[in-house]
Amino acid sequence: MQPLPVPCPAHLIPDTTGTNAFHDAYRTAMAHNAVFIAIETDARQQWTVKADTLTAPSDHTVTDAVNDAIHAAILRLVDDHEADFGAYTGPVYFMMHGVRSEERARELAAALHAALYGDLEPLARAVPPAP
């Protein structure tokens, strides 16, 4: 498996449905010292977005401002019923269950990936701040 570009466009976010696919993508992220990002589907045909910064190099930092923005965006998604209650909002591991479509899961994953590398613009487009 090839390393993902940074930031990773939505169409290249790996679908890690199934144990082997998840392990392959996670090992690839570790081998390339990159933030892990993926989506997967469940039996209810809903999608999960997963990200993990433990696979990134030890000098990879996510600022408090970025973590705060990600946390707020995920909580907005939960409040808007776009993600299920119980989402992991970081600061190291991020997960959103219950996303209704693959397209939206990919959009959110790509935005989260960009944010974890310091670019908050895709996240602001995908999850606009509350008015």
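Between GLU82 and ALA31, the simple label model (points 7 Å from Cα in the Cβ direction) yields a spacing of 3.4 nm. If R0 equals 35 Å, the separation of the Cβ atoms of ARG125 and GLN2 corresponds to a calculated FRET efficiency of about 0.85.
The GNM of the chain, with springs linking C-alpha atoms under 10 angstrom apart, assigns the highest mean-square fluctuation among TYR93, TYR26, TYR117 to TYR93.
For the chain, modelled as a GNM whose springs connect Cα atoms under 10 angstrom apart, the maximal fluctuation among PRO91, PRO57, PRO14 occurs at PRO57. Accessible surface ranking for PHE36, PHE22, 1.4 angstrom probe, highest first: PHE22, PHE36.
For the chain, the carbon plus sulfur part of the accessible surface works out to 55%, probe radius 1.4 Å. Only helices enter the 222 nm calculation for the chain: every DSSP H run of n ≥ 4 contributes -39,500 (n - 2.57), and dividing by all residues gives -12000 deg cm²/dmol, rounded to 500. Expressed as a rounded percentage, what relative contact order does the chain have, with Cα pairs under 8 Å and six or more residues apart? Reported as a whole number, the value is 27 percent.
What shape does the range 1-72 have by the C-alpha gyration tensor, where a ≥ b ≥ c are the square roots of the eigenvalues, rounded means a/c under 1.5, and otherwise prolate means a/b greater than b/c and oblate the rest? Since a/c reaches 1.5 but b/c is at least a/b, the shape of the range 1-72 is classed as oblate.
Accessible surface calculations at 1.4 Å, restricted to protein heavy atoms, place the chain at 53 Å² per residue. With a ≥ b ≥ c the root eigenvalues of the C-alpha gyration tensor of the range 58-125, is it rounded (a/c under 1.5), prolate (a/b larger than b/c) or oblate? Because a/c hits 1.5 or more and a/b exceeds b/c, the range 58-125 counts as prolate. Let me make sure I get this right: for the chain, a, b and c are the square roots of the gyration tensor eigenvalues over alpha carbons, sorted descending. Under 1.5 in a/c it's rounded, otherwise prolate if a/b > b/c, else oblate. Which is it? It is oblate, given that a/c is not under 1.5 and a/b is not larger than b/c. Dipole check for the chain: with +1 at the C-beta of Lys and Arg, -1 at the C-beta of Asp and Glu, and the Cα centre as origin, the magnitude is about 160 Debye.
The values are calculated or read from the model by the stated rules, or taken from the named source; none is laboratory data. On a predicted model such as this, the values are computed, not experimentally measured, just so you know. All Cβ positions, glycine included, derive from the backbone under ideal geometry; neighbour counts span all protein chains shown. Each accessible area value is taken on the protein alone, full model and side chains, heavy atoms only, with ligands, DNA and RNA left out. Shrake-Rupley method; radii C 1.70, N 1.55, O 1.52, S 1.80 Å.
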